[in-house]
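Peer 1: This structure is in structure tokens; I'll ask about it shortly.
The values are calculated or read from the model by the stated rules, or taken from the named source; none is laboratory data. Bear in mind that the values here come from a model prediction, so they are computed numbers and not experimental data. As a convention, Cβ positions derive from the backbone with ideal geometry for all residues, glycine included, and neighbour counts pool all protein chains shown.
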Amino acid sequence: MDAGRHPLIELVTNAEVVGCDGEPGDFRVRVRKNPRYVREDLCVACGLCVDPCPQVGGNEFDVGLKARKAIYRPFPQSVPSTYVVDPESCLNFLGFLTEKQRLRLGKVERLKRKKRPDYPPNLLVCGHCEDACDVKAIDFDMLSEDVERIRAVAAVLRSGDVLVADANTGWLTHEAARVVNAVRDVNVYIEQPCASYEECLSIRERTPLPFVLDESITDLGILLRAHNDRAMDAVNVKISKFGGLTRAAQVRDMCVSLGIAMTIEDSWGGDVTTAAIAHLAHSTPTELLFTATDFNSYVTVSTAEGAPQRVKGRMAAATEPGLGITPRMDVLGDPVLDVS
């Protein structure tokens, strides 16, 4: 409660950390704020929306010992006091209703087509909480901050800029489906929206937007499967993920044979990693090189001399033997392992 009133503390509620990069003193944390489908500026926490809700589940705050509805307040002292809709149990997000659910809803079953023409015409949507809310705070068309951010960035891009919405596996399937539908008119690439390959494939099948796979592609086998399933338009080739430059080059060569565009990068790194990325990218056909990443611009400590540097959005590999760099041993410290 006191944290919510502190002038120097900004509470980001109904959110989760989806990524953290950097080093001590220079971290970059990616936070995804989920829509609560109840407007905080209108909700008065009266609770009239709760009783009519037909969906019952376990209350996480009470470790499942008590029940809660699909629309609920997490606990009595929650900040904010606004109610929230659980998309994992709300009928509006579960797709086609079962016959048992149809009977439970009875005459209240109705179509809600105002702003969501993407749903099949025979999808039935529950509206109990909306009907019970006197202040009209329920908003099932509320978009996530991801959608707003994608549109905001797209609005300021210059000609020739490329926009990639990389979820880093952070969306659940129903969330990803809503996002790709909400930005279907935006010139944007969708990258790795969900955790599993199968989930990403299901989203790929719902959108005409160009699609990039990253975390799901871990070896040649899954790459060939994804190509056969037409699951992607581009792939993220991370050197360490495939076991080093040799195997990453094999994956790259297969992508060239299949005509798959690539981002060449790694999971993280500095000067040494950037040098390796630059060499692999330089040896990739230009027409299939989607992007490459200069990780040494993300960090504040240089670990090698002669490493590539980004200039006006581009970088070039060194022309010296090997990676063309000289490690700074005074920065790297003593070796962890000596091999003779």
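Peer 1: Out of ILE239, ILE264, report the one residue that is of a type in the set (A, V, I, L, M, F, W, C), surrounded by 14 or more Cβ atoms within 10 Å (Cβ to Cβ), farther than 18 Å from GLU287 by Cα and at pLDDT 95 or above. Steps first, answer last, please.
Peer 2: Values: ILE264 fails: farther than 18 Å from GLU287 by Cα.
So the residue among ILE239, ILE264 that is of a type in the set (A, V, I, L, M, F, W, C), surrounded by 14 or more Cβ atoms within 10 Å (Cβ to Cβ), farther than 18 Å from GLU287 by Cα and at pLDDT 95 or above is ILE239.
Peer 1: May I ask you to say which residue of ALA248, ALA226, ALA231 is closer than 24 Å to ALA278 by Cα and either of a type outside the set (Phe, Trp, Tyr) or within 18 Å of the chain's Cα centre (by Cα) (or both)?
Peer 2: Details: ALA226 fails: closer than 24 Å to ALA278 by Cα; ALA231 fails: closer than 24 Å to ALA278 by Cα.
After applying the criteria, what remains is ALA248.
Peer 1: Right, another one. Take the stretch 63-88 and flag every residue that is modelled with pLDDT under 85 and buried (at least 18 other Cβ atoms within 10 Å of the Cβ).
Peer 2: Across the stretch 63-88, the qualifying residue is only PRO87.
Peer 1: Based on this model, can you work out whether ASP41 counts as within 17 Å of VAL135 (Cβ to Cβ), touching a strand residue (DSSP E or B) at 6+ places or on another chain (Cβ under 9 Å) and modelled with pLDDT of 85 or more?
Peer 2: Against the criterion (within 17 Å of VAL135 (Cβ to Cβ), touching a strand residue (DSSP E or B) at 6+ places or on another chain (Cβ under 9 Å) and modelled with pLDDT of 85 or more), ASP41 does not qualify.
Peer 1: Out of the stretch 7-30, which residues are of a type in the set (A, V, I, L, M) and closer than 22 Å to TRP171 by Cα? Before the answer, list the steps.
Peer 2: Taking the stretch 7-30 as the starting set, the residues that turn out to be of a type in the set (A, V, I, L, M) are 8-9, 11-12, 15, 17-18, 29.
The answer is LEU11, VAL12, ALA15, VAL17, VAL18, VAL29.
Peer 1: Right, something else. Just for strands (runs of 3 or more DSSP E) wholly inside the stretch 141-259: which have at least 2 residues that are under 20 Å from LYS33 (Cβ atoms) and not β-branched (Val, Ile, Thr)? So that I can check it myself, show each step before the final result.
Peer 2: Numbers: elements: 164-166, 189-191, 211-213, 234-238.
Where strands (runs of 3 or more DSSP E) fall fully within the stretch 141-259 and carry at least 2 residues being under 20 Å from LYS33 (Cβ atoms) and not β-branched (Val, Ile, Thr), they are 164-166.
Peer 1: Here is a follow-up. Pairs under 8 Å by beta carbon, first residue assigned by TED's automatic domain parsing to the domain that holds THR286 and touching a residue at least 24 places away in the same chain (Cβ under 8 Å) in the stretch 310-331, partner outside any loop (DSSP other than H, G, I, E, B) and hydroxyl-bearing (Ser, Thr, Tyr), six or more apart or different chains?
Peer 2: From residues that are assigned by TED's automatic domain parsing to the domain that holds THR286 and touching a residue at least 24 places away in the same chain (Cβ under 8 Å), the pairs are MET315/THR274.
Peer 1: Could you please find all residues in the stretch 274-307 being hydroxyl-bearing (Ser, Thr, Tyr), touching a residue at least 40 places away in the same chain (Cβ under 8 Å) and either in contact with a Leu (Cβ under 9 Å, 6 or more places away or on another chain) or part of a helix (DSSP H, G or I) (or both)? Even if it seems obvious, please write down each step before you answer.
Peer 2: If we filter the stretch 274-307 for residues that are hydroxyl-bearing (Ser, Thr, Tyr), which is where we start, we get 274, 283-284, 286, 291, 293, 297-298, 300, 302-303.
Narrowing the set further to residues that are touching a residue at least 40 places away in the same chain (Cβ under 8 Å) leaves 274, 291, 298, 300.
Result: THR274, single match.
Peer 1: Let me ask something else. Being at pLDDT below 95 and within 17 Å of the chain's Cα centre (by Cα) narrows it down to one residue among CYS194, CYS200; which is it? Break it down stepwise before answering.
Peer 2: Numbers: CYS200 fails: at pLDDT below 95.
Step by step, each of CYS194, CYS200 is checked, and only CYS194 is at pLDDT below 95 and within 17 Å of the chain's Cα centre (by Cα).
Peer 1: Give the residue that is surrounded by the most Cβ atoms within 10 Å (Cβ to Cβ), with candidates limited to residues of the stretch 44-62 that are under 20 Å from SER81 (Cα atoms) and of a type in the set (A, V, I, L, M, F, W, C).
Peer 2: Selected residue: CYS49.
Peer 1: I've got another one for you. Among the numbered criteria (1) surrounded by fewer than 21 Cβ atoms within 10 Å (Cβ to Cβ); (2) modelled with pLDDT under 95, which one does LEU288 miss?
Peer 2: (2)
Peer 1: Okay, moving on. From the list ARG32, ARG73, which residue is farther than 28 Å from ASP131 by Cα, in contact (Cβ under 8 Å) with a residue 24 or more places away in the chain, touching a strand residue (DSSP E or B) at 6+ places or on another chain (Cβ under 8 Å) and not β-branched (Val, Ile, Thr)? Before you say what the answer is, go through the steps one by one.
Peer 2: On the way: ARG73 fails: farther than 28 Å from ASP131 by Cα.
ARG32 is the lone residue from the list that is farther than 28 Å from ASP131 by Cα, in contact (Cβ under 8 Å) with a residue 24 or more places away in the chain, touching a strand residue (DSSP E or B) at 6+ places or on another chain (Cβ under 8 Å) and not β-branched (Val, Ile, Thr).
Peer 1: So for the stretch 172-191 (the condition being at pLDDT below 90, under 24 Å from ALA226 (Cβ atoms), of a type in the set (S, T, N, Q) and in the same structural domain as ALA226 (by TED's automatic domain parsing)), does at least one residue qualify?
Peer 2: Among the residues of the stretch 172-191, at least one is at pLDDT below 90, under 24 Å from ALA226 (Cβ atoms), of a type in the set (S, T, N, Q) and in the same structural domain as ALA226 (by TED's automatic domain parsing), which makes the answer yes.
Peer 1: What's the total number of residues in the stretch 1-24 that are exposed (fewer than 14 other Cβ atoms within 10 Å of the Cβ), assigned to a loop (DSSP other than H, G, I, E, B) and either without any contact (Cβ under 8 Å) to a residue 60 or more places away in the chain or of a type in the set (Val, Ile, Thr) (or both)?
Peer 2: Number of matching residues: 7.
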